[in-house]
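See below for the structure under consideration.
Every number in this text was worked out from the coordinates using simple rules, so none of it is lab data. Only a predicted model underlies this, so the values are computations on that prediction, with no experimental measurement involved. Ideal geometry is used to build each Cβ from the backbone, glycine not excepted, and the neighbour counts take in all protein chains shown.
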Amino acid sequence: MTNYQKSILTQLAASGAEQLHLSRFIAGVIYALEEYERLTIISPKRLQTDQFFSEELQNLLNSIESTLPPPNWLRGFFYNAAIMRLDAVWERTLRIILIDDRFEVDGSDLYERVFVNQKYYGSIFHHMRTEVNHLKHRFGGLPNAVRENPTVLRDGLTELLSLVKQRLI
C-alpha cells in the first residue's frame, strides 16, 4: 500500500460509519490488487485453454486439503476479487456521495449524476463494469484476449481514490 493510499484510507476511516466501511472495502481492493501483482511475477498471465483450466481446477480439488492452489489459479482469483470489489466500491462511493441507496438506480445513472460533464460510456467505471458483467453473466467467462487487464484495475483504483479525496474527505 502506498503512503497516498494509506493517507486517504486513514482519513476516510476517521470520517464516520459509512466512510469506515467504505475504507475497509477499498483496503480489500488494494490487498487483492497487491496479491495479484505479486503473483504475476511468480506466474505471469498466459493464454490458456478451457481444458487447462478444467485440469487445473480438478487437480486443485484433488489436493485442496494438503496444498495451496497453484499460483496461476491464485493470480486469477485475486484479479477477480480485486475487479469485483472495485466495481462494488465504486458504486457504493457514488451512492454515498449522492445519498442515494435506491436499488433501482443503476451505476451509469449514478456516475453521470456525480460526474455531470462526463459520459459513463468510455469511463474507467464503464470499462470495469463491462469486465465484471462479463465475469458474472457470460457462460464462458471472458475471452482470453480481454481477461485480466490490470491497467483498468489500477486506473479504476486511482480514479476512485481521487474521487474519495475530493468528495468524501
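Computed values, structure above
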item: GNM result for the chain, Cα springs below 10 Å: residue of R102, R38, R129 fluctuating most strongly; result: R102
item: Alpha-carbon centroid distance for the pair the stretch 108-164 / the stretch 2-25, whole angstrom; result: 22
item: Extension gain, T151 back to R138 (0.36 nm per residue minus Cα-Cα distance, nm); result: 2.5 nm
item: Charge dipole (the stretch 3-167, unit charges on Cβ, about Cα centre) - positive-most of T67, G107, I8; result: I8
item: Charged-residue dipole, Cβ positions (Lys, Arg, Asp, Glu), the stretch 54-169 about Cα centre, Debye nearest 20; result: 300
item: Label assignment, Rg/Rh (Cα atoms, Kirkwood Rh) derived from the structure, set (1) 0.95; (2) 1.01; (3) 1.39; result: (2)
item: Residue-span extension gain [L98 to A14] - 0.36 nm each, minus C-alpha spacing; result: 28.2 nm
item: Relative contact order computed over the stretch 3-167 (Cα-Cα under 8 Å; 6+ residues apart), in percent; result: 25
item: Helix 3-13 axis, angle to the chain major axis (alpha carbon atoms, nearest 10°); result: 60
item: Cut-off 13 Å between beta-carbons: net charge of the residues surrounding L9, Lys and Arg +1, Asp and Glu -1; result: +3
item: Top positive-direction residue, dipole computed over the chain with Cβ charges, set F78, P150, A88; result: P150
